[in-house]
């Protein structure tokens, strides 16, 4: 009996390791490719024979990834706090106050969630141009400053917390804004973090909107810079593309490892995002 | 509503004259909503309404005007073979992805739900692709798929190919090859969804099945799968909604080729946009919207129950 369970355990680990090869393998192959030295053939084995950082430094020195990093960082740093602020503000009355038009506002916000970006990207492109947002950091942030998804997510969170604390704060003379800021928000902190993670990963990796709204290379984000670099997808460029891909992924990786329990806890708040 | 002072307004009575309370009560929620409403109106609602309008116009983006042409744009796309190719490619893409998205993450979830040491680490490792920027995922896989790349070598080694081949450049395999990128990217995401479902299955169901002498496989098919039906529907609908919008995996690997074999509706729209045929793009976008609404309505119907539970 005991050897039976042991055998099962070994089999389980074996299968789990095999799946890891599929999920993590591509990253390792890319990392090793990025570490290969200039003289090395790209398909001469997976491991680098003479590991070097030259492709990583080249990404910054020759391929302008420093600029792309700063652009992506600025856009993300603007998007995340604004998204949390405006979404949690808008979600609060939708969850907690009775007012005329609440039903319509809520229905409108939820219904926009199912509209594919590709339907309205052309009009948005034109509006961004008219407002002088083309080739600006602000222009890249507009999609994430307030999102229907974020409002929906925060509303669900506010609905879940008990009302009693907020009611007693009202009795103590606090106004609605104070109650939102000092009582309600701290109660939904886990959802705020979930939303921050979503906004971060989306903004950091977004490709289509920056592709439309940026024409000057000085405004490129990492995704655009990487896609541009990959236009020349041959052996001579593969190591640089690989190194740049790894560099682009590292910040998300850090956030992920730091906040992993919010990712893999089994919380399915974000289920609607799709 | 103004004449029914509740606890909140009674508190304010001491501080403010009575008339002001009514106004405050009306305005406060809208003050909370104002920033989001302004932003969403300008960058979401207006563009959507304009797209509706453009689909009925002969819109020239440079001139900024267009004549009303009724349903001409729709007639044009419906008589365009390339549109239908894109439409069926989109459907085919979903048909390839859907069963894989339903079963592979479920198996992963069952594995990492076992009470053994180190499953937490595996959960994290399986989730890694989800947080990877899509452009990076697409380029990594493009490299793996290349003529002398790992996948080609592997398929030769197991005897599928007799010479080095790139799955992305053959029209018979290209769509499946890009679909695999989508599946790989979503494994961890859907695994977490199944994990939540698994954790809601009471343990004693399994225990009594064990006493009755059921094997692990029997337990999986007779208990786990039926109990996961709500998760399966959720995963299916999300796969459809997400699959309709797939872009980077295709744009950066095949660009819609070879010979349109991987041109989906989104790629079709993107090409039309690039040619400044924005009215045609809008009409095709409407078709995409209708498909997305269909899938979303299904999800709403399925999640309404949960929503109602939360409200009380």
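Enumerate the whole-percent occupancy of each 10 Å bin, from 0 to the last occupied one, for all C-alpha pair distances of chain A.
6, 21, 26, 22, 15, 8, 2, 0
Would you mind giving the average projected area, over all directions, of the Cα convex hull of region B:93-191 in nm² with one decimal?
7.2 nm²
Quick check on region B:126-260: what does the Kirkwood estimate of hydrodynamic radius come out to from the alpha carbon pairs, in Å? Walk me through the numbers before you get to the answer.
Working: mean 1/r = 0.0574 Å⁻¹.
Taking every pair of different Cα atoms in region B:126-260, averaging 1/r and inverting gives 17.4 Å.
From the C-alpha gyration tensor of the protein assembly as shown, pull out the three semi-axes of the equivalent ellipsoid (sqrt of 5λ each), sorted largest to smallest, in whole Å.
Square roots of five times the eigenvalues give 41, 33, 24 Å.
Given N residues in chain B, what is its alpha carbon radius of gyration divided by 2.2 N^0.38 Å? Let's see the in-between values first.
Working: Rg = 25.9 Å, N = 312, 2.2 N^0.38 = 19.5 Å.
Ratio of Cα Rg to 2.2 N^0.38 Å: 1.33.
Based on the alpha-carbon gyration tensor of region A:2-52, what equivalent-ellipsoid semi-axes (square roots of 5 times the eigenvalues) come out, in whole Å, largest first?
36, 10, 7
Using the count of nearby Cβ atoms within 10 Å as a rough guide to exposure, how do B:59, A:207 rank from fewest to most?
So the residues, fewest neighbours to most, are A:207, B:59.
Between B:158, B:96, B:240, find the one with the highest GNM mean-square fluctuation for chain B; connect C-alpha pairs within less than 10 Å.
B:158
Given only helices, namely DSSP H runs of n ≥ 4 each adding -39500 (n - 2.57), what is the per-residue ellipticity at 222 nm of chain B, to the nearest 500 deg cm²/dmol?
Values: 15 runs with 214 residues, N = 312.
Mean residue ellipticity, 222 nm, calculated: -22000 deg cm²/dmol.
Do the sum for chain A: with -39,500 (n - 2.57) for every DSSP H run of n ≥ 4, divided by all residues, what is the mean residue ellipticity at 222 nm, to the nearest 500 deg cm²/dmol?
Helix contribution divided over all residues of chain A: -22500 deg cm²/dmol.
With 5 Å bins from zero, work out the P(r) of region A:161-236 over every alpha carbon pair and list the percent per bin.
3, 13, 15, 11, 9, 8, 8, 8, 8, 7, 5, 3, 1, 1, 0
Name the residue, out of B:110, B:119, B:160, whose mean-square fluctuation peaks in a Gaussian network model built on chain B with Cα pairs under 10 Å.
In this elastic network of chain B, the residue with the biggest mean-square fluctuation among B:110, B:119, B:160 is B:160.
Direction-averaged shadow area of the convex hull around the Cα atoms of region B:212-267, nm²?
5.7 nm²
Restricting to Cα pairs below 8 Å that are 6+ residues apart, what does the relative contact order work out to for chain A? Please round to a whole percent.
30 percent
Every number in this text was worked out from the coordinates using simple rules, so none of it is lab data. None of these values were measured; they are calculated from a predicted model. Reconstructed Cβ throughout: ideal geometry from the backbone, glycine too, with neighbour counts over all protein chains shown.
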